[in-house]
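Notes to accompany the following structure.
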Amino acid sequence: MKKCLLSSLLCVFVTHITLAKIGMPRDNTQVLRHQKFLQPTKSTKKTASFLTPFSQQHFSSPPTSLALTSTMVLKDEIEPNNDVVTAMPLGGNDIKIKGFVNPSGDIDYYSFTANAGDKVYAATQTAFSASGSTDTILDVVASDGFQVLETDDNDGSFGVNSSSIAGTVIPGNGTYYLRVKHLSNSIKLLPYYVYFRLQSGLPGAEIEPNNSTSTANVFPNSAWVSGALSSNQDSDYYSIALNAGDTIFISLDFNPERDGTTWNGQVALGEFSQFYLPAGDPNTQSPNSEGLFLTVKTSGTYYIVVAPDGNTFGTYELSASVLPANNANLSSYTNTTAKAIPSGPTVITSTINIPVNKRIESLKISINLFHSNIEDLDVRLTSPSGNTVILFTDIVALSPMDIKLDDAAAIPVGSFPIVNNIVYQPPKESRLEWFKGQLAQGNWTLTIDVDSPGSTGQLNSWSIEIEEQLNILGTLTSIYTNDFETSDGGFIHSGAQDEWERGTPTMAPINTVNSGTRCWKTDLDNTYNFNTNCDLISPNIYIPDLGVNNAYLTWNQKYQFAGTDGANTNAYAYVEIQEIGTANRRKVWEWLGPKMIGSVGSPSTTINESAGWGLFRTNINEFANKTIRVIFHFESDASSPLLAGWAIDDVNIFKTFCPNSLTLTDTDNYSGVYSRVVASESITARNEVTTNNIIQNPSNLTYQATKAIVLLPNFKADASGGTVFMAQIGGCN
């Protein structure tokens, strides 16, 4: 019988979580204590135990930093990469890739360079896939492009039958490949993430005793260690310092000798609400491994724990990689006014006013609340312009909740019942990227629907974190522009069930335009049709010679699509640039997301989610001296539901210009627009911002030589001492 020192009520609640929560990772529902790991029953892959929280007195003095030999880099898959010839180079030893198995039957190759004796640690995370099917095959392929050095189907934990490989030995110097595909040739992965770490040299050695937090080894700066468990009661602890927003990838090899014998264990990270969160499955086929991914919300010392998962034990090698938090161009806005969450059915709202009109590159949201039954809550966010995204519904979790939601986090909310001090992705049915490109200014509304009576709580605080979309710098010269107010812009449309129309949309949730009163939409006053396959096509546009400058395509769009479900593409859209008269073309935006409709509250209310009117842009330098056209392609199948579709407005193509050098005397004003420059020496200057001929906020600023700065209109060299400002242009972005 399982020993439980918690209150009997909590023990019952925990049992409900472990047995009933479908969305939790396969074989990953254990929350582990630092001193003893109970053995799960092997009769089912979904059996696990919650153990007693441990006392804070067991903590040792934390290390102050983590020095890895390398830090992980995030990259997007570059297509085509469906064979070894077109394989995407990983370009490093520590990489996280966001990729798509699309269309069905797609195979993705990634190349890397390795030396004899190096070892590969890799795993896939598929739980965020909109298709709902998450079964990958992960291979390490030899330099000949054919021999499979190691393969895995089911060792992963985040996404049913995802993959984990740890400790594959590289036989000789050369180029090798990771290969990712779905088990079925008829199902897509939308998206998957593959984590990769190549270890060289020899791992550090475990130092006993290290069977508690007070005796934990500091994880070595090589991020690689070898050790052994001496019994089925032994556990090994390693301390590691992580910064707020860091994502850690932990990979555990149970058979480093590759001698055909293996044992089964688990790896965990903690503590979170005094619990450890593990990855572990019952597989005992050699070579056996586990892969764990997690994004932490606060900086501090964490512990990696290696433990048995049953009666077996033995040697292991443990690798870890850290993807640092991206904190560039971030602004945070918080509502700290507590608000009661009464017994339901009911609805409460809370607002945050963002006073500045930042353009959103990405958005994150933090929620801090207590509730006696979090599963009873449905939470959504509505922007000032009115588009709504459901953040989560009916997740089984232990209160209190103190989480951040971020599309770029390691795993989706619902992966664990612990919702404290963790950054999660939204559930696979939602995307915060639906706020991308919008202007942030105005009131943002958090809405909480309480489904049923009998439970209460309090919203303590919540916040919105915005990564601002950077401005394009330099003098901007238009190549093509049209807002579709007075003409169709030379656009044409065609295809099966073609419904592209220009005018004022009236089909909610797309019943506004980005500017003026007219835009293009798949159907102005209704949903799109079944079996659509149609294009909205720009006129031919010549892109002139750019020299050292840049060219961009921008457009504004709002959309609501049905999702992609397994092999069925209920709706699909992309934007593509084509060079006229050639096969040269590039997709610059593609929609591969989930169904943008959901239900909240009791009685159930349908929420028509949508993206907001957002500005999208892409660099098109490769089309200089070429004639192009821009195609907005949309298709649907015979499946329900039919939703509002896709609207396009304000299409622009322009080039940037920056002079090669700039010299200003103390009597000159810089009269251009935003420009990035590099100063030739340390100089003092005055940045004057003029409104109605009144100089506001004058200040003397010192810029360090060779460092990039940005000049605003009316920038002026300081008159004191007759300083002359000289700068070499550092290039427009």
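Observations on the model:
- The range 493-641 - Debye-derived log10 I(q)/I(0), Cα point model, q = 0.12, 0.13 Å⁻¹: -0.58, -0.67
- Stokes-Einstein diffusion for the range 334-385, with the hydrodynamic radius set to the Kirkwood value over Cα pairs and evaluated at 20 °C in a medium of 1.002 mPa s, equals 157 µm²/s.
- Sequence-distant contacts, meaning Cα pairs under 8 Å at least 6 residues apart, place the relative contact order of the range 396-521 at 14 percent.
- Accessible-area composition of the range 88-174, carbon plus sulfur, in percent [1.4 Å probe]: 52
- Spatially proximal aspartates and glutamates relative to residue 655 (Cα-Cα < 12 Å; intrachain offsets below 8 disregarded): 545
- Residue 337 versus residue 478: modelled label distance in nm, points set 7 Å from Cα along the beta carbon direction: 4.4
- Set 98/436; 404/436; 75/521; 96/626; 404/587 screened for pairs whose C-alpha atoms are more than 25 Å apart: 75/521; 96/626; 404/587
- Spin-label model distance (nm) - residue 496 vs residue 533, 7 Å beyond Cα toward Cβ: 0.4
- What the phi angles of the range 479-494 give under the Karplus curve with 6.51, -1.76 and 1.60, with θ = phi - 60°, is a coupling list of 9, 8, 8, 7, 9, 6, 7, 9, 7, 7, x, x, 6, 10, 8, 6 Hz, glycine and proline written as x.
- Sparse-neighbour loop sites [chymotrypsin sites (Phe, Trp or Tyr not before Pro); the range 110-202; at most 12 other C-beta within 10 Å; DSSP]: 146
- Residues listed by number, the range 107-132, amide nitrogen under 17 Å from residue 585 label point at 7 Å toward C-beta: none
- Taking amide H positions as modeled 1.01 Å from N, with prolines and chain starts lacking one, the residues under 5 Å from residue 391 and 5 or more places away or on another chain are 379, 380, 381.
- Within the same chain, aspartates and glutamates fewer than 8 places from residue 188 are excluded, and of the rest, those with a Cα less than 16 Å from its Cα are 77, 79, 106, 108, 135, 153, 429, 565, 590, 637.
- q = 0.29 Å⁻¹, the range 198-240: log10 I(q)/I(0) [Debye, one scatterer per Cα]: -1.05
- FRET efficiency for residue 298 and residue 356, using Cβ-Cβ distance with R0 set to 25 Å, rounded to 0.05: 0.40
- On the basis of the beta-carbon distance and an R0 of 25 Å, residue 284 and residue 208 show a calculated FRET efficiency of 0.50.
- Accessible-area rank, largest first, for 88, 507: 507, 88, with all protein chains present and a 1.4 angstrom probe.
- Measuring spread by the Cα atoms of the range 315-410 yields a radius of gyration and Dmax of 16.9, 57 Å.
- If R0 is 41 Å, the Cβ-Cβ spacing of residue 183 and residue 621 corresponds to a FRET efficiency of close to 0.55.
- Accessible surface of residue 262 - all protein chains present, 1.4 Å probe, nearest 10 Å²: 40
- Taking amide H positions as modeled 1.01 Å from N, with prolines and chain starts lacking one, the residues under 5 Å from residue 362 and 5 or more places away or on another chain are 467.
- Per-residue SASA entry for residue 299, accessible area with 1.4 Å probe, Å² rounded to 10: 80
- Inter-probe distance in nm under a simple model that places probes 7 Å from Cα toward Cβ, at residue 574 and residue 456: 5.5
- Surface calculation, 1.4 Å probe, protein heavy atoms: residue 271 sits at approximately 40 Å² accessible.
- Accessible carbon and sulfur surface of the range 403-550 relative to its total accessible area, %, 1.4 Å: 46
- Phi angles of the range 331-346 translate, via the Karplus equation with coefficients 6.51, -1.76, 1.60 and θ = phi - 60°, into HN-Hα couplings of 10, 10, 9, 10, 10, 9, 7, 5, 9, 5, 10, x, 4, x, x, 6 Hz per residue; Gly and Pro are given as x.
The values are calculated or read from the model by the stated rules, or taken from the named source; none is laboratory data. Treat the numbers as computed from the prediction; the structure is a model and nothing was measured. Neighbour counts are summed over all protein chains in view; Cβ atoms, including those assigned to glycine, are modelled from backbone coordinates with ideal geometry. The accessibility values were calculated without ligands, DNA or RNA, using every heavy atom of the protein model including side chains. Shrake-Rupley method; radii C 1.70, N 1.55, O 1.52, S 1.80 Å.
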